[in-house]
1. Going by what's in this entry, would A:TYR106 be described as over 22 Å from A:LEU340 (Cβ atoms), modelled with pLDDT under 95 and buried (at least 23 other Cβ atoms within 10 Å of the Cβ)?
2. What are the pairs with Cβ atoms under 6 angstrom where one residue, in segment A:89-100, is more than 7 Å from chain B (Cβ to nearest Cβ) and surrounded by fewer than 23 Cβ atoms within 10 Å (Cβ to Cβ) and the other, located anywhere, is part of a strand (DSSP E or B) and among the polar types (S, T, N, Q)? Sequence gap at least six, or different chains.
3. Considering (1) more than 10 Å from chain B (Cβ to nearest Cβ); (2) in a helix (DSSP H, G or I); (3) under 26 Å from B:SER278 (Cα atoms), say which one A:GLN104 fails and leave the rest.
4. How many residues does segment A:15-38 hold that are within 7 Å of DNA strand D (Cβ to nearest atom), crowded, with 16+ Cβ neighbours inside 10 Å and hydrophobic (A, V, I, L, M, F, W, C)?
5. When you scan segment A:39-47, do you find a residue that is farther than 24 Å from B:ALA50 by Cβ, more than 9 Å from DNA strand C (Cβ to nearest atom) and crowded, with 17+ Cβ neighbours inside 10 Å, even just one?
6. Pairs, please: C-beta under 8 Å, at least 6 apart or cross-chain, first residue under 30 Å from B:THR331 (Cα atoms) and in segment B:291-315, second of a type in the set (D, E, K, R)?
7. State which residue is farthest from DNA strand C (Cβ to nearest atom) when the search covers only segment B:12-21 and only residues that are farther than 17 Å from B:GLY43 by Cα and not hydrophobic (A, V, I, L, M, F, W, C).
There are 2 protein chains.
Amino acid sequence: MNIYDVADKAGVSIATVSRVINGNQNVSEKTKEKVLSIMKELGYTPNVFARGLGLNTMNTVGIMCTDSSDPFLANAVYYIEQELRKNGYDSFLCCTGYELKNKQNYLNLLLSKRIDAVILIGSSYLESNVKDNSYIMEAAKEVPVMLINGYLNKPNIYCTLCDDQQATYNATSLLLKEGRKNILYLYTTKSYSGIQKMKGYKEAILTKQSTIDEVYIQSCPNNIEKVKDRLLKLSEDGLVFDGIVTSEDLLAVGSLKYAKTKGISVPEELSIIGYNNSILASCCEPELTSVDNHVETLSLTTVGTLMRVLSGNTVPNRTVISTDLIIRNTTNFSKDIRSLL
Amino acid sequence: MNIYDVADKAGVSIATVSRVINGNQNVSEKTKEKVLSIMKELGYTPNVFARGLGLNTMNTVGIMCTDSSDPFLANAVYYIEQELRKNGYDSFLCCTGYELKNKQNYLNLLLSKRIDAVILIGSSYLESNVKDNSYIMEAAKEVPVMLINGYLNKPNIYCTLCDDQQATYNATSLLLKEGRKNILYLYTTKSYSGIQKMKGYKEAILTKQSTIDEVYIQSCPNNIEKVKDRLLKLSEDGLVFDGIVTSEDLLAVGSLKYAKTKGISVPEELSIIGYNNSILASCCEPELTSVDNHVETLSLTTVGTLMRVLSGNTVPNRTVISTDLIIRNTTNFSKDIRSLL
DNA sequence: TTGTAGGCGTTATCAG
DNA sequence: CTGATAACGCCTACAA
């Protein structure tokens, strides 16, 4: 079943059928209807390969994320996929994991599939070693590369990110205003946004004291138990803290488990702020105050930008979205403090 | 850049290059090496469209899920994607949402992309109205259809499911053994596995009493607040219950929030069992006892089965995987009860 | 072992 | 407005 069958049955040439398929104007209303009805009757669908061969595109965008079971990434994947489809694009998904080698392989694989663009979700695609990002720049020579929560100022790379630095700055500042003296910062990776977040934390701390005590900055695997154990250890070692700012909700949940284990009351004795405002934030007890980085907006903006790029517009290389702090019950903000938001 | 460029530069014909690409034996070691080095030098990758045109396959599997931001589905997507890739297959992801019309459209879309198979994750693809499933049967005429947590005994449809009925039967029975008198069952949808789970609950209840009181079976949106409100309402209306079995972890979390609001202690006064053993189960407080339906095994088994189907083996139409009950702190099982597991 | 040539199903460019 | 025909890049008999 191909375009010839349709043409035969409709008594026209394949060229005419092709025109109908592609909505070309130069077809009389009569033949158009005729052809359409035959196509329906035969249940004909054009062969995407043949089409792709001619056009060298399949209206497909590659999506890469490290781990689609991470709630934040999963949400982004969802919104992006939906939005792409609304715009007539399909999506290839790749869950690459965290190893550089795999990321590179997957990206090459996507390129070899003649995708029209690629979207990298999450700042973990930006290695701290600048050279290691060259594979992204290479890819950008072939197709537009969209970065979510990462920043790389290079041709044909478009970045949508949220203002992570401002977000942790605000979060930390509010804890300070709340009267917290020793605020711990927990993070998982030194990815691009990881670094931004840390900057915000440091900046806020430096408004109150002249130096940063590095022991208050702790990197930790993104795992509830691991976080709990780490905090127990730190506490045993004599570290005193009454506030925790985290780079992920899960780290905050782990912190809650620590507090529970030690019988520390939250937020009376310890304030905790999560990040991402994921479903986890409203599952735990007490529910997490958390930074909402607007996954949905981030995702839709990215796709919107991509569409403009694909239709040949010149588009700014960087779009920054502001965050909100969603106040729940792991912080103890007064009316005055809340009014600052 | 195409096969001709490579052939020219290597001083051979395109046929020879093609043979090298496809690992055909009939090429002398020398020419093979020559061609390979030229391909590397030029950075040549075969055009998938041209290839697909001839072979009419792209080694691509379509994955459909209703909502990739659901933790269970997200996990499944992750494992499936990884496993497919290990087997040399790419994946198209579609997040279809819950409306039948959309599901149908997406499935047709995938078929028109000449995918080699399609995997439907989650029992929400099986409508209770049997006729509404005919689109799946239609699809199965073209490519193998893999169903995860759904069952349809039709040609070219292969189902991998976990023993949901047994799981809720066990969960409910254990609560009864624990001494619970009035056990509520909360569920979200009457999908295939939804029905199985409910059967298990009823079966267990009927071992203790002669009839089911339907008011103890409540359907509820998959939303923490909604569940809480529903339970508060039921309680106000005078319904008495001391155990809750749910079809989703999120419903169990909502139940916890209800208990918290009413000052009911869990598990002393109320036992709660979740389903899926998702990350939510260990986030909340107390942590959820939950049915582990082994997403990973489910996913890997599905892909394994698919690979056997694609290589032409005859494969059983149905594979059932057993569940485990992961005991945490929302139940109060004695040593004796635990030993039953 | 290697090369030639036809075919896969479209789209696009010309003539008419 | 319509039709013939040449790409598109690859695979694979069939020949050599």
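The values are calculated or read from the model by the stated rules, or taken from the named source; none is laboratory data. Everything numeric in this text was worked out from a predicted model, so none of it was measured. As a convention, Cβ positions derive from the backbone with ideal geometry for all residues, glycine included, and neighbour counts pool all protein chains shown. Accessible surface is based on the protein model in full, side chains and every heavy atom, while ligands, DNA and RNA are left aside. Shrake-Rupley method; radii C 1.70, N 1.55, O 1.52, S 1.80 Å.
1. Values: over 22 Å from A:LEU340 (Cβ atoms): yes; modelled with pLDDT under 95: yes; buried (at least 23 other Cβ atoms within 10 Å of the Cβ): no.
No: the conditions fail for A:TYR106.
2. Note: no pairs meet the criteria.
3. (3) is the only condition that A:GLN104 fails.
4. The total comes to 1.
5. Taking segment A:39-47 first, the residues farther than 24 Å from B:ALA50 by Cβ are A:39-43.
Subset that is more than 9 Å from DNA strand C (Cβ to nearest atom): A:39-43.
Restricting the remaining residues to those that are crowded, with 17+ Cβ neighbours inside 10 Å gives A:39.
Yes; the residues of segment A:39-47 include at least one that is farther than 24 Å from B:ALA50 by Cβ, more than 9 Å from DNA strand C (Cβ to nearest atom) and crowded, with 17+ Cβ neighbours inside 10 Å.
6. Hits for this filter: B:VAL291/B:ASP324; B:ASP292/B:ASP324; B:ASN293/B:ASP164; B:HIS294/B:ASP324; B:SER299/B:GLU83.
7. Of the residues in segment B:12-21, the ones farther than 17 Å from B:GLY43 by Cα are B:12-13, B:15-16, B:19.
Now drop any that are not not hydrophobic (A, V, I, L, M, F, W, C), which leaves B:13, B:16, B:19.
Numbers: B:SER13: 4, B:THR16: 4, B:ARG19: 7 Å.
Among those residues, the one meeting the criterion is B:ARG19.
Per-residue answers, yes or no, for (1) closer than 19 Å to A:ILE279 by Cβ; (2) among the aliphatic types (A, V, I, L, M); (3) modelled with pLDDT under 95:
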{"site": "B:LEU270", "(1), (2), (3)": "no, yes, no"}
{"site": "B:GLY274", "(1), (2), (3)": "yes, no, no"}
{"site": "B:ILE279", "(1), (2), (3)": "yes, yes, yes"}
{"site": "B:GLU285", "(1), (2), (3)": "yes, no, yes"}
{"site": "B:THR289", "(1), (2), (3)": "no, no, no"}
{"site": "B:GLU296", "(1), (2), (3)": "no, no, no"}
{"site": "B:THR301", "(1), (2), (3)": "no, no, no"}
{"site": "B:THR305", "(1), (2), (3)": "no, no, no"}
